Amino acid sequence: MANAATLAGHVTVEEYAVVGALCPVHQFVKIGAYSYIGGGTTITQDVLPYSLTSAKREVHAFGMNSVGLQRKGFSKERLRKIHRAYRVLLNSKMNIGDSVAKLKADGDLGDDVERLIKFVEGSQRGILK
């Protein structure tokens, strides 16, 4: 957590997540593992694991945190699977339920994508897209 980032009550921050400076985080929000939240971003919903989220205009996930994941030693195969899952979750015209169903139907997900799906399914506040 950087300078002046504030967490309201009952916020869950999973491992290796980065919360940038001046980021207020709403109560009961979950911040997923290996995610990166840019400075000054107001967080009111759950932040997906592995995501890069910033308040450029509206708060939304811009894609995966590829630089951070590479620095943590993620293999190219792991990054490829996560990237594909992000394309389905964030860039398709499907709603989240249909996106998760499509990912599950595709078979060999890997632990990272299974973690991502579990995170989405467990979200109580909705996720940033």
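If I compute solvent accessible area with a 1.4 Å probe over the protein chains, what percent of it on the chain is carbon and sulfur? Working shown, then result.
Numbers: 3480 of 7170 Å².
The nonpolar share, carbon plus sulfur, comes to 49 percent.
Using the crude model of +1 on Lys and Arg Cβ and -1 on Asp and Glu Cβ, and no other charge, please compute the dipole size for the range 48-104 relative to its Cα centre, in debye to 20. Spell out each step's value before the answer.
Values: 13 positive and 3 negative charges, 48 e Å.
Around 240 debye, computed over the range 48-104.
Which one, Ala2, Ala55, Ser35, projects farthest toward the positive side of the charge dipole computed for the chain from Cβ point charges (K/R +1, D/E -1)?
It is Ala55, whose Cα lies furthest towards the positive end.
What does the charge add up to near Leu48, with Lys and Arg as +1, Asp and Glu as -1, over the other residues with Cβ less than 10 Å from its Cβ? Numbers along the way, then the final one.
Details: positive: Lys30, Lys129; negative: Asp46.
Computed value for this residue: +1.
Compute the acute angle (0 to 90°) between the alpha-carbon long axis of helix 111-122 and the principal axis of greatest extent of the alpha-carbon atoms of the chain; round to the nearest 10°.
Tilt of helix 111-122: around 60 degrees.
Placing unit charges on C-beta atoms (Lys and Arg positive, Asp and Glu negative, everything else neutral), compute the dipole magnitude of the chain about its Cα centre in debye, rounded to 20. Kindly include the intermediate steps, with their values, before the conclusion.
Working: 18 positive and 12 negative charges, 78 e Å.
I would put it at about 380 debye.
Note the angle between two axes, namely the Cα long axis of helix 96-105 and the longest principal axis of the Cα atoms of the chain, as a number of degrees from 0 to 90, rounded to the nearest 10.
40
If you project the alpha carbons of the chain onto the principal axes, what extent comes out on each, in Å, largest first?
Result, largest extent first: 42, 30, 27 Å.
Compute the semi-axes of the equivalent ellipsoid of the range 1-56, taking the square root of 5 times each eigenvalue of the Cα gyration tensor, and list them largest first in whole Å.
On the way: eigenvalues 36, 34, 20 Å².
Square roots of five times the eigenvalues give 13, 13, 10 Å.
Within the range 8-72, list the GluC sites (Glu not before Pro) lying in a DSSP loop whose Cβ has at most 13 other Cβ atoms in a 10 Å radius.
Working: sites: Glu14, Glu15, Glu58; in loops: Glu14, Glu15, Glu58.
Those satisfying the criteria are Glu15, Glu58.
What nm value, rounded to one decimal, do you get for the distance between Met1 and Asn91 when each label is placed 7 Å out toward the C-beta?
That separation, rounded to one decimal, is 3.4 nm.
So what is Rg over Rh here for the range 19-85, counting just Cα atoms and using Kirkwood for Rh?
Details: Rg = 12.1 Å, Rh = 12.3 Å.
Expressed as Rg/Rh, it is 0.99.
The values are calculated or read from the model by the stated rules, or taken from the named source; none is laboratory data. Fair warning: this is a prediction, and the values are worked out from it, not measured in the lab. Glycine gets a Cβ as well: all are built from the backbone with ideal geometry, and neighbour counts include every protein chain shown. These accessible areas exclude ligands, DNA and RNA; they are computed on the full protein's heavy atoms, side chains included. Shrake-Rupley method; radii C 1.70, N 1.55, O 1.52, S 1.80 Å.
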